[in-house]
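Structure record follows, encoded as structure tokens.
What follows draws every value from the coordinates through simple rules; no lab data is involved. Since this is a predicted model, take the numbers as computed values, not measurements. Here the Cβ positions follow ideal geometry from the backbone for every residue, glycine too, while neighbour counts run over all protein chains shown.
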Amino acid sequence: MGDEDKDSVDSIFSAAVKNQVFAQKKVLQANYAPDTIPHRQEQTEMVASILAPALRGEKVSNLFVYGNTGTGKTLTVQHVGQRMVDKAGEVDGTRVKFVYVNCKLRQVADTEYRMVAEMIKALGGSVPATGLPTQEVYNKFVELIDDKEQIVILVLDEIDQAVQKISDTFIYTLTRLNSELKNAQISIVGISNSLTFMDDIDPRVRSSLGQEELVFPPYHALQLQDILSERAADAFQEGVLSDGVIAKCAAFAAREHGDARRALDLLRVAGELSEREHASGVKESHIDQANEKIEKDKMLAIIESEPKQFQLVLGAIFQLDDRGGAQDRLVKGEERPIFTGDVYLAYQELCEKAGTEVLTQRRVSDIINEFDMLGIINARVISKGRHGRTREIKLMLSKGIKDQAKKIVGESLGG
Ligand SMILES: Nc1ncnc2c1ncn2[C@@H]1O[C@H](COP(=O)(O)OP(=O)(O)O)[C@@H](O)[C@H]1O
Ligand SMILES: [Mg+2]
């Protein structure tokens with residue numbers, strides 16, 4: 001290695017040690033719990049007053065909390081729960097138990113068994129990972145909470161995910177547990193990112209889980225600015241944020257249905273980008289770059305998680321798109337449009353190569369619709385006169401994303 005290499009590496013490291021951009025990056029991370037929660041006073045107080053009777057040893061109402069992602073639901077409920085546990089500690093710590101389970105995690109909520117096992121774990125108990133009858137796991141759960149006089153508040157975060165994978169009967173079972181309990185009482189706090197979750201739920205579950213309901217509205221841009229400013233003050237070194245950076249993050253996130261998580265991500269990624277460039281500070285252009293990077297990562301994550309048949313259809317569209325841009329040009333300078341029929345033919349070929357089942361044209365058409373909704377493609381219906389109608393497809397991915405997406409699809413199809 002030459003001296004120049006050594007020097008350039010050394011200067012990268014020296015700059016990193018000085019770390020001019022962030023003071024405490026963790027303050028911008030999603031799991032960081034800030035001390036104050038601006039613009040959520042009303043919700044915080046509502047949750048507190050609903051849970052408060054637990055401190056007197058009384059059962060509290062079940063509560064259903066809902067709102068778009070990034071509206072502060074998890075943060076607020078955990079914050080109030082922690083404050084309640086602290087308060088209980090001052091009075092009589094044994095009477096209240098606050099149990100938090102996030103149903104989004106795959107290993108938690110894909111079966112009723114695992115769901116209850118996770119609740120047992122959160123209470124400090126344990127059951128084998130599989131093997132017991134589900135009823136027996138419930139019995140263990142009941143035993144565990146009923147071993148003393150206490151109020152158990154069970155938070156099921158992202159409860160919509162659990163219901164989607166299991167069914168709503170397990171919530172029904174949970175809300176009925178009190179009749180089996182002799183010493184303890186249990187109340188449920190369900191949190192959902194889906195606004196329509198309750199619509200399709202068994203009415204008995206709806207009325208019992210929804211004894212109290214609390215909605216978290218999206219933040220608007222000015223509120224996001226307050227939230228960001230407060231966190232940024234601790235996260236960044238003084239003076240590194242250019243004017244307009246916070247406002248721009250807030251404006252972007254306000255467009256993404258008022259998502260504070262998105263706003264914080266933008267600010268963090270922008271800081272990382274400016275750090276990597278050894279820029280003199282975080283500029284508005286870093287926010288644009290950060291937004292692109294986040295969009296790209298999100299899109300690739302979606303593509304990666306799609307089932308094999310989706311990837312085959314996408315692979316077919318990629319092939320046609322490549323061809324349209326190269327040898328198959330009909331008119332110079334004008335790209336040959338991709339029609340759904342072409343996609344189906346190319347898809348069939350790919351299926352043969354991959355040795356997989358071939359879906360009907362109808363199903364492939366549904367998959368194309370879904371790509372349209374995800375923003376991967378843009379499909380436009382055009383009339384072909386008496387030959388009926390077809391759709392013209394345009395790939396909406398930028399070249400950078402497409403190249404990476406092609407790799408993902410290629411790998412998952414085995415070559
Ligand atoms: N009012 C707020 N003040 C400070 N940070 C907030 C606020 N609301 C949300 N956040 C932050 O935004 C991110 C998303 O919030 P979260 O509570 O996880 O949203 P939800 O559960 O509604 O999807 C978290 O990092 C959280 O700390
Ligand atoms: Mg949440």
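Residue order for Tyr344, Tyr32, fewest other beta carbons within 10 angstrom first, comes to Tyr32, Tyr344.
Between Lys399 and Gln164, the contour length at 0.36 nm per residue exceeds the alpha carbon distance by 81.1 nm. A run of the chain free of exposed loop cleavage sites, with trypsin sites (Lys or Arg not before Pro) counted only in DSSP states other than H, G, I, E and B and at most 11 other beta carbons within 10 Å, reaches its longest extent at 183-331. Note on the chain: antiparallel DSSP beta bridges, both residues inside, total approximately 35 percent of the bridges counted.
Protection proxy ranking for 210-219, 61-70, using the average of other Cβ atoms within 10 Å per residue and placing the highest first: 61-70, 210-219.
Model label sites at Thr36 and Glu136, defined 7 Å from Cα along the beta-carbon direction, differ in position by 5.4 nm.
Between Lys293 and Ser207, the simple spin-label model (points 7 angstrom out along Cα→Cβ) gives 5.3 nm. I'd like the orientation of helix 284-305 relative to the chain: the angle between its Cα long axis and the longest Cα principal axis, in ° from 0 to 90, rounded to 10. Here the helix axis deviates by roughly 90 degrees. Between Arg363 and Asn378, the contour length at 0.36 nm per residue exceeds the Cα-Cα span by 3.6 nm. Distance from the alpha carbon centroid of region 149-179 to that of region 193-251 works out to 24 angstrom.
For a modelled paramagnetic label at Glu284, 7 Å from Cα along Cα-to-Cβ, the residues of region 230-252 in reach, with backbone nitrogen under 14 Å, are 242-252. When the listed pairs Lys296/Lys407; Lys298/Lys353; Lys26/Lys87 are checked against a 24 Å cut-off, the alpha-carbon distance exceeds it for Lys298/Lys353; Lys26/Lys87. Magnitude of the charge dipole for region 146-284, about its Cα centre and with charges confined to Cβ atoms of Lys, Arg (+1) and Asp, Glu (-1), is about 140 debye. Given Lys73/Lys140; Lys121/Lys308; Lys97/Lys182, which pairs have Cα atoms separated by over 24 Å? Pairs exceeding the cut-off: Lys73/Lys140; Lys121/Lys308. Sparse packing (at most 15 other Cβ atoms within 10 Å of the Cβ) combined with a DSSP loop state is found for the following GluC sites (Glu not before Pro) in region 12-89: Glu58. Extension gain, Ser61 to Thr173, is 38.7 nm, computed as 0.36 nm per intervening residue step minus the present C-alpha separation. Annotation: amide H-H contacts under 5 Å for Ile338 (H modelled 1.01 Å from N, sequence separation of 5 or more, or interchain): Ile393.
Within straight-line reach of Lys399, meaning a Cα separation under 15 Å, sit the following aspartates and glutamates at least 8 residues removed in sequence or on another chain: Glu292, Glu295, Asp297, Asp321, Asp322. Across the options Ile338, Val282, Leu28, the greatest Cα extent toward the positive end of the charge dipole of the chain (unit charges at beta carbon of Lys, Arg, Asp, Glu) belongs to Ile338. Angle of helix 308-325 to the longest C-alpha principal axis of the chain, folded into 0 to 90 degrees and rounded to 10: 30°. Angle, helix 73-91 long axis vs. longest principal axis of the chain, Cα atoms, 0 to 90°, nearest 10? Approximately 20 degrees, to the nearest ten.
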